[in-house]
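To keep things clear, I will list the structure first and then write my remarks on it.
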Amino acid sequence: MDDLRDLYQEVILDHGKHPRNFGHPAESNRSAHGHNAMCGDTIDVFLTVEPDGRIADAAFEGQGCAISVASASMMTEMLKGRSEADAHHLFETMHALCTGKDDVDLEALDEDTLDRIQILAGVRQYPMRVKCATLAWHTMDKAMAAKDAAGEGGE
């Protein structure tokens, strides 16, 4: 158990200090803003979704604790190249694992994604931090649903 906790802390600290995909890509066509009123973390998620529903790019901007930033960083890495349905499944899986649900279907996840999700889900050991870890995921799910009347993404 100590090895898993050490890995959790190491990965969270690395992504928290050196976030991947931080910034606002010019080509994004879906975005959403998220805010955790409990601690003040804010995040904007930017997605570039192709006409076929594949996520070509994912990025984020915002400020928050190491867990919030690390979760956003890891999430953007996991999303690239996935379909909208896959992204929604990842959101559901992440949320279920972080909130301690036992009946989570992990069969559809590749080994790398499963490892990353399980590292992030380690936050369930710290109930006050679950909202920090899931903020980016809720925001991504909101961005996936954001479309304006022309069928393009919006804020």
* To do: Kindly indicate which of ALA70, ALA66 is touching a residue at least 24 places away in the same chain (Cβ under 8 Å), under 15 Å from HIS18 (Cβ atoms), surrounded by fewer than 23 Cβ atoms within 10 Å (Cβ to Cβ) and hydrophobic (A, V, I, L, M, F, W, C).
  => ALA66
* Residue ID - modelled with the highest pLDDT, chosen from residues in segment 77-106 that are touching a His at 6+ places or on another chain (Cβ under 9 Å) and crowded, with 18+ Cβ neighbours inside 10 Å -> PHE91
* **Conditions (1) under 18 Å from ILE12 (Cβ atoms); (2) more than 11 Å from the chain's Cα centre (by Cα); (3) not basic (Lys, Arg); number of the one not met by GLU111** => (1)
* Structure fact -> Only one of ALA121, ALA58, ALA133 is at pLDDT 95 or above, buried (at least 18 other Cβ atoms within 10 Å of the Cβ) and not acidic (Asp, Glu), namely ALA58
* Asked: For segment 98-141, how many residues are within 25 Å of THR48 (Cα to Cα) and in contact with a Gly (Cβ under 8 Å, 6 or more places away or on another chain)?
  -> 5
* **Filter pass, GLY81 being without any contact (Cβ under 8 Å) to a residue 40 or more places away in the chain, within 17 Å of ILE67 (Cβ to Cβ) and not in a helix (DSSP H, G or I)** => no
* Test each condition in (1) touching a residue at least 24 places away in the same chain (Cβ under 8 Å); (2) farther than 25 Å from ASP115 by Cα; (3) of a type in the set (Val, Ile, Thr) for VAL45 and report the one that comes out false. => (2)
* To do: Please find, within segment 42-53, the residue that is farthest from HIS89 (Cα to Cα) out of those that are in contact with a helix residue (DSSP H, G or I) (Cβ under 8 Å, 6 or more places away or on another chain) and of a type outside the set (Val, Ile, Thr).
  => ASP44
* For segment 110-126, state whether one or more residues are assigned to a helix (DSSP H, G or I), in contact with a helix residue (DSSP H, G or I) (Cβ under 7 Å, 6 or more places away or on another chain), under 25 Å from ASN29 (Cα atoms) and of a type outside the set (Phe, Trp, Tyr). => yes
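The values are calculated or read from the model by the stated rules, or taken from the named source; none is laboratory data. Fair warning: this is a prediction, and the values are worked out from it, not measured in the lab. Counting neighbours? That spans all protein chains shown, and the Cβs are built from the backbone with ideal geometry, glycine included.
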